[in-house]
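Undergrad: One structure, as structure tokens, below. Some questions next.
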Ligand code: TMP
């Protein structure tokens, strides 16, 4: 049976992941591939409940370690019951955020030790990683303006307003995140594809599509 391909998208707030994920999904489906779109935290009904605890206001304020463990409880369920079975069926799985977000947000952002992250990652999901990760990189001031504009422009303010725990952090936090993501990408350069998200939407989509199709040609029998 074919092996499938696991693609993740990463980036700070306002990097434009949602649009690019949808575009890639459509293009891969047009090319005849079976695509499963999912997200973290979340992706399964159980993990979506954990998402509510983490990102909604009513979830309360977790300390860093509790937060890390909640992310990994959700991730294990997501990996074991949704992602791995889909890959085993030969599907392309596109995930909006994965464990690189944990290292960026919880370690670079909130100061959890990288050794702790690595140990938990190995223990809970056996250090399972995407085949390719797109990092949409944008300067912090541009990203924050964009994410605010999206919130202002849409009628669906409720979810954006509710899921604001992480977005409310100040711009120095977002700068730490950006630099963290760039360092993670450098340390894992074989897996990462860093995209300058200041380019036009079409240029970004083209770069992502080319890299995904090359990854498919290079190894995955999808
Ligand atoms: P989203 O807004 O991209 O859906 O992600 C929800 C928030 O959760 C976002 O602010 C990033 C944060 N997050 C972490 O802090 N650690 C993680 O491991 C993941 C997956 C997300």
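Undergrad: May I ask you to derive the relative contact order of the chain, considering only C-alpha pairs under 8 Å and at least 6 residues apart, and to give it as an integer percent?
TA: 34 percent
Undergrad: Quick one: order 54, 69 by neighbouring beta-carbon count within 10 Å, fewest to most.
TA: With the fewest neighbours first, 54, 69 line up as 69, 54.
Undergrad: Another question about this same structure. Taking the mean number of other Cβ atoms within 10 Å as a proxy for protection, how do you rank 76-83, 112-119 from highest to lowest?
TA: Ranking, from highest mean packing down: 76-83, 112-119.
Undergrad: Another question, if that's okay. Binned at 10 Å from 0, what are the whole-percent values of the Cα-Cα distance distribution for region 93-152, short to long?
TA: Bins of 10 Å from zero give 18, 40, 30, 11, 0 percent of pairs.
Undergrad: Distances longer than 13 Å among the Cα atoms of region 4-63: what percent of all pairs is that?
TA: So the pairs more than 13 Å apart make up 71 percent of the total in region 4-63.
Undergrad: Taking the highest mean first, how do the peptides 121-127, 97-103 order by number of other beta carbon atoms within 10 angstrom per residue?
TA: Highest mean packing first, the order is 97-103, 121-127.
Undergrad: As an exercise, find the ratio Rg/Rh for region 5-217 from alpha-carbon atoms, using the Kirkwood inverse-distance average for Rh.
TA: With Rg and the Kirkwood Rh in hand, the quotient comes to 0.93.
Any read-out appearing in this document is the output of simple, stated calculations on the displayed coordinates, not a laboratory observation. The structure displayed is predicted, hence computed values, not measured ones. All Cβ positions, glycine included, derive from the backbone under ideal geometry; neighbour counts span all protein chains shown.
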